[in-house]
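Below: the structure, in structure tokens.
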Amino acid sequence: MTMNSLPDGWAENVQALKYRSTNEQNIEFVNLIDQAEGSCDLDVCSFLMSLFVNGDDDGVLESVSSVLASAKPTDYIEALMAELPRLVDENVVEWAEVMVGQAIDEHLDLIKSIVIKQSEKVKSALMLIISDSDFKDFYPDSEELEKVLR
């Protein structure tokens, strides 16, 4: 994984703060994440996606989500699809739902074109999320994506 556009040691410093326990660590984490704004290629997106974990994050992961929004949609969606099975397996479903829903709302055609190339594991994880009736109510265009998966 190359992250040439970010300072040396950036990924290691972020990884060391993945599980934070103090407000100072939260602030340091957010400051590091903010450095990736505008530098989100596929590798950086994939790394940032790996930071989503189950549990209370004191709202800190909002900064990760915000920085991911600065990425090219293709990089963001490809990284999201790659991480989706883990997000579902590790019960990080709320974040997965938000990110998938945003991708559907903002880039439906792109996500459809990316999804058809994904493994069955990714498609199953995605189907688990988008087939939920509450998800469909909130993201009605998800039915179009569901048709692609059938």
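Data overview
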| read-out | value |
| --- | --- |
| Pair list, Cβ under 9 Å, 6 or more apart: the stretch 1-25 residue in contact (Cβ under 8 Å) with a residue 40 or more places away in the chain and more than 17 Å from PHE52 (Cα to Cα), other residue among the hydrophobic types (A, V, I, L, M, F, W, C) and in a helix (DSSP H, G or I) | MET1/ALA11; MET1/VAL44; MET1/PHE47; MET3/TRP10; MET3/ALA11; MET3/VAL44; MET3/PHE47 |
| Selection status of ASP58, over 29 Å from LEU6 (Cα atoms) and either of a type in the set (Lys, Arg) or more than 16 Å from the chain's Cα centre (by Cα) (or both) | no |
| Complete set of residues in the stretch 16-55 that are under 18 Å from the mean Cα position of the chain (by Cα) and of a type in the set (D, E, K, R) | LYS18, ASP34, GLU37, ASP41, ASP43 |
| Wholly within the stretch 1-118, helices (runs of 4 or more DSSP H) carrying at least 1 residues that are more than 20 Å from SER142 (Cβ to Cβ) and in contact with a strand residue (DSSP E or B) (Cβ under 8 Å, 6 or more places away or on another chain) | none |
| Answer from GLU97, GLU90, GLU83 - the residue that is surrounded by 21 or more Cβ atoms within 10 Å (Cβ to Cβ), within 25 Å of GLN15 (Cα to Cα), touching a residue at least 24 places away in the same chain (Cβ under 8 Å) and not basic (Lys, Arg) | GLU83 |
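Each value in this text was obtained by applying a stated rule to the coordinates, not by laboratory testing. A quick note: this is a predicted structure, and the numbers were derived from the prediction, not measured. For neighbour counting, all protein chains shown are included, and Cβ atoms are generated from backbone atoms with ideal geometry for every residue, glycine included.
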